[in-house]
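As structure tokens, the structure follows; a few thoughts come after it.
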Amino acid sequence: MDVVVIGAGQAGLSGAYHLRRVGLRPDVDFVVLDHAPRPGGAWQFRWPSLTYGKVHGMHALPGMELTGADDTRPSSEVIGDYFTSYEDAFDLRVHRPVHVRAVREGGRGRLLVETSEGTYATRALLNATGTWDRPFWPRYPGQETFRGRQLHTAQYPGPEAFAGQRVVVVGGGASGTQHLMEIAEVAAGTAWVTRRPPVFREGPFGEVQGREAVAMVEERVRRGLPPRSVVSVTGLPLNDAIQRARAQGVLDRLPMFDRITPDGVAWDDGRTVEADVILWATGFRAAIDHLAPLRLREPGGGIAVDGTRAVRDERIHLVGYGPSASTIGANRAGRAAVTEIKRLLDRDIAPAGSPGSAGETEGGSAGELTAVHS
């Protein structure tokens, strides 16, 4: 293959769409691999109470709008159906479920992508694996002694599962506040715990503010630090639902506890909260362990990225990573990555008939491949 795309969420499908736009053919010049059982990216795993009407900031994929969606349907169904139609409309031929085990150097300019359906040799890699597969679980003293239930946002089943229970929600992001406000309506009691005081954003959030937030995340990945989500630097929107929850005392925040006890959580100052459930709304990390053999990480712990390109290897582009970890950011990143990948492929194709030309030695003439890329 000329290109292997790993992941068929928003970023991966955007990249695949633009690969087709520049003339590459699915299953001939590029392949899209996805480990999920069906279309929908991470959306297919969202909890049922997250209806499409509650989703904010969902941007359509390039080339096909999402129209006529029922706001009362679960977002997992609406967006799953939309992604299915999109894959069909552009004949993207996503291979699933396929697990990517590792990406290694293959020699002669190729990367080897080792998967559950075999190994692909590719000139370029578009990595769009997102974060859903790497939920972050903090560790606190006494965690193993807790007699109740612990679960992460990735396992959140909806508020009904917490009826009549005492629930501690940990995390100050959008998911934590959404979970808390839902659960508070049915639980016997709730407590909200965050490491830092939450920042509530008042006033409009327009294009200028959006660019500033993205720039902050972009600077981190350029320096090789682990990316923070765009949401983490924008604060929580002070909408009507949050204002009501604050007035009702639901969003009265407690500082992070010091330890977990068999019956709940405790602070060193003697304060305790009894709990039946601890819900960790503590976010996710980038799912990039399969890239470990390439040694792309910087001393800061992240992969340094310039735009979408890995600084240590120009053949590798990360989309949906850092500043492009949003639906609109993923769309733009897919297009930007393909523009650079096409430039790389065109540069690496030797003239037809030259000794050792890629076209002669690796299937198809260079002239044919140039025509495909043009």
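The values are calculated or read from the model by the stated rules, or taken from the named source; none is laboratory data. Everything numeric here is computed off the predicted structure, so don't read it as measured data. For neighbour counting, all protein chains shown are included, and Cβ atoms are generated from backbone atoms with ideal geometry for every residue, glycine included.
Worth a mention:
- Residues that are surrounded by 13 or more Cβ atoms within 10 Å (Cβ to Cβ) and assigned to a loop (DSSP other than H, G, I, E, B) within the stretch 54-91 comprise 55, 58, 59, 60, 61, 62, 63, 64, 66, 69, 73, 90, listed in sequence order.
- Test: residue in the stretch 312-326 that is assigned by TED's automatic domain parsing to the domain that holds residue 159, in contact (Cβ under 8 Å) with a residue 60 or more places away in the chain and of a type in the set (Gly, Ala, Ser): no
Yes/no per residue for (1) hydroxyl-bearing (Ser, Thr, Tyr); (2) in a loop (DSSP other than H, G, I, E, B); (3) at pLDDT below 95; (4) touching a strand residue (DSSP E or B) at 6+ places or on another chain (Cβ under 9 Å):
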site	(1), (2), (3), (4)
1	no, yes, no, yes
13	no, no, no, yes
20	no, no, no, yes
24	no, yes, no, yes
28	no, yes, no, no
31	no, no, no, yes
39	no, yes, no, no
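- Options 196, 244, 297; residue that is at pLDDT 90 or above, under 29 Å from residue 160 (Cα atoms) and either of a type in the set (Lys, Arg) or not assigned by TED's automatic domain parsing to the domain that holds residue 169 (or both): 244
- Test: residue 235 is touching a Phe, Trp or Tyr at 6+ places or on another chain (Cβ under 7 Å) and modelled with pLDDT under 95: yes
- Residue list for the stretch 256-272, restricted to those being part of a loop (DSSP other than H, G, I, E, B) and buried (at least 16 other Cβ atoms within 10 Å of the Cβ): 257, 263
- Qualifying residue in the stretch 92-112 (condition: basic (Lys, Arg), modelled with pLDDT under 95 and surrounded by 13 or more Cβ atoms within 10 Å (Cβ to Cβ)): no
- Residue check, residue 42 among the small types (Gly, Ala, Ser) and either assigned by TED's automatic domain parsing to the domain that holds residue 157 or buried (at least 19 other Cβ atoms within 10 Å of the Cβ) (or both): yes
- Residues satisfying the stated conditions in the stretch 48-75, i.e. of a type outside the set (S, T, N, Q), touching a residue at least 40 places away in the same chain (Cβ under 8 Å) and over 22 Å from residue 330 (Cα atoms): 48
- Of the residues making up the stretch 125-142, none is in a helix (DSSP H, G or I) and either out of contact with any Gly (no Cβ under 6 Å at 6 or more places or on another chain) or buried (at least 20 other Cβ atoms within 10 Å of the Cβ) (or both).
- Matching option when the condition is within 11 Å of residue 125 (Cβ to Cβ) and out of contact with any helix residue (DSSP H, G or I) (no Cβ under 8 Å at 6 or more places or on another chain), among 310, 292, 275: 310
A quick yes/no check of all residues on (1) aliphatic (A, V, I, L, M); (2) over 30 Å from residue 146 (Cβ atoms); (3) part of a helix (DSSP H, G or I):
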position	(1), (2), (3)
243	no, yes, yes
246	no, no, yes
251	yes, no, no
254	yes, no, no
279	yes, no, no
299	no, yes, no
316	yes, yes, no
320	no, yes, no
338	yes, yes, yes
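- Residue that is nearest to the chain's Cα centre (by Cα) [pool: residues in the stretch 25-57 that are aliphatic (A, V, I, L, M) and closer than 24 Å to residue 288 by Cβ]: 42
Let's see how each residue does on (1) under 22 Å from the mean Cα position of the chain (by Cα); (2) buried (at least 23 other Cβ atoms within 10 Å of the Cβ); (3) among the β-branched types (Val, Ile, Thr):
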position: 151; (1), (2), (3): yes, no, no
position: 158; (1), (2), (3): yes, no, no
position: 168; (1), (2), (3): no, yes, yes
position: 184; (1), (2), (3): no, no, no
position: 189; (1), (2), (3): no, no, no
position: 193; (1), (2), (3): no, no, yes
position: 199; (1), (2), (3): no, no, yes
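- The condition of being within 19 Å of residue 30 (Cα to Cα) and in contact with a Gly (Cβ under 9 Å, 6 or more places away or on another chain) holds for residue 86.
- Qualifying residue in the stretch 158-175 (condition: of a type in the set (Phe, Trp, Tyr), outside any helix (DSSP H, G or I), under 21 Å from residue 54 (Cβ atoms) and assigned by TED's automatic domain parsing to the domain that holds residue 254): no
- Selected residue (criterion: surrounded by the fewest Cβ atoms within 10 Å (Cβ to Cβ)) from residues of the stretch 12-22 that are in contact with a Phe, Trp or Tyr (Cβ under 8 Å, 6 or more places away or on another chain) and not basic (Lys, Arg): 17
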